[in-house]
1. Take the residues of the range 36-52 that are at pLDDT 95 or above and more than 14 Å from the ligand (Cβ to nearest atom): which is surrounded by the fewest Cβ atoms within 10 Å (Cβ to Cβ)?
2. Can you name the residue in the range 60-106 that is free of Cβ contacts under 8 Å to residues at least 24 places away in the same chain and touching a strand residue (DSSP E or B) at 6+ places or on another chain (Cβ under 7 Å) and, of all such residues, is most open to solvent (accessible area, probe 1.4 Å)?
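The values are calculated or read from the model by the stated rules, or taken from the named source; none is laboratory data. Because the structure is a prediction, the values reported are computed rather than measured. All Cβ positions, glycine included, derive from the backbone under ideal geometry; neighbour counts span all protein chains shown. Accessible surface is based on the protein model in full, side chains and every heavy atom, while ligands, DNA and RNA are left aside. Shrake-Rupley method; radii C 1.70, N 1.55, O 1.52, S 1.80 Å.
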Amino acid sequence: MMHSRPVARFAILLLASWLLSGAARAADIRVEGAYARAVPPGQPNSAVFMALTNGGDADRALVAAESDAAATAELHTHIMAEDMMQMRRVKRIELPAGERVVLQPGGLHVMLIGLGEQLAPGMEVALRLVLDDGSRIAVSAPVRRIDPIDMRKMQGGDGHAGH
Ligand SMILES: [Cu+2]
């Protein structure tokens, strides 16, 4: 007991400094407006969208995402291939210093593959974003129903929709 107390105090100090440094580094990246796509029963995959602002002096990148809501979380983008909008996995999403990067339907997104349960409006998806410096940002994304018309517009099917 007499010996363990200073050890415990030291461990708490270490933990506190680790938490502070992690928070300071992650604080350079601000996450806004995160939301996850609601999916009907039986649909195994979904996506999470958000805006990321790098308020720091150093270029950063999003290199991975983790979520307990799905078996796997991947970073994805959309590309046009053979006149079809297709999703592709990307290794990283660049977050240049001072810039804002938007993950949105039809573009960059965090893909949730192998959902544990159906995502219905009112739920929240907990996500951890992993940055290239090893720091993590915890994000809570409310589940929203996304109008399919939005996707048609993104895919260029709605000719008179302006941008
Ligand atoms: Cu995807």
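1. Among them, the one singled out is Ala51.
2. Per the criteria, the residue is Arg89.
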